[in-house]
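Please read the structure below before turning to the comments.
Computed from the coordinates by the stated procedures, all read-outs in this text should not be read as laboratory data. Worth saying up front: this structure is predicted, and the values here are computed from it rather than measured. Note that each Cβ is placed from the backbone with ideal geometry, even for glycine, and that neighbours are counted across all protein chains shown.
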Amino acid sequence: MKTKTILLLIASSLLLLACTDKGTDASEKKDAPKAQDCQIQADGTVKVLKPKAGEVYSLGDSITVLFAAKYAMGAGFRVLYLPNEDARPVDLSTKSVGPESPDGKECYSVTLYLNKDLETSKKAWIKVQDYNRASVSGISENFELQK
């Protein structure tokens with residue numbers, strides 16, 4: 001009887017440990033940027049690392065935008081949604097995001113809401129641009145926004 005009780009306690013402990021593990025799963029590690037992905041050499045450059053090609057979001061979801069930038073004259077950044085190349089961009093950020101004068105040594109992340117009024121698209125993208133100078137910008141790979 002003692003053996004069954006001990007085995008039951010061990011099994012319960014292992015199950016509890018497995019359920020409370022707060023470690024990073026494999027998909028989070030795979031999606032994490034490498035240090036060199038966040039390095040920018042040329043001033044006036046923005047690189048959007050996420051969203052990635054093939055990702056699928058729905059209207060009403062939150063989207064995490066990951067970008068790197070180097071711009072000594074920067075004024076922060078805005079995040080724009082474009083459902084296609086002919087569309088007028090929609091500003092997802094209500095205020096400036098990221099640093100004012102990024103030095104090109106790290107990535108920046110912002111999570112924004114995909115408003116239910118946005119146009120859906122199978123080939124949408126995100127554009128991150130300097131708040132005051134539109135020519136300093138970068139675009140993501142195509143992703144899908146569905147209803």
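Things worth noting here:
- The range 35-146 - share of DSSP beta bridges that are antiparallel (%, nearest 5): 90
- Per-residue Cβ neighbour rank within 10 angstrom, fewest leading, ARG78, ARG88: ARG88, ARG78
- Cross-linked pairs LYS105/LYS147; LYS70/LYS116; LYS34/LYS127; LYS95/LYS147; LYS70/LYS147: Cα-Cα separations exceed 28 Å for LYS105/LYS147; LYS70/LYS116; LYS70/LYS147.
- Within the shell of other residues whose beta carbon sits under 13 angstrom from the beta carbon of SER93, the net charge comes to +1, with Lys and Arg scored +1 and Asp and Glu -1.
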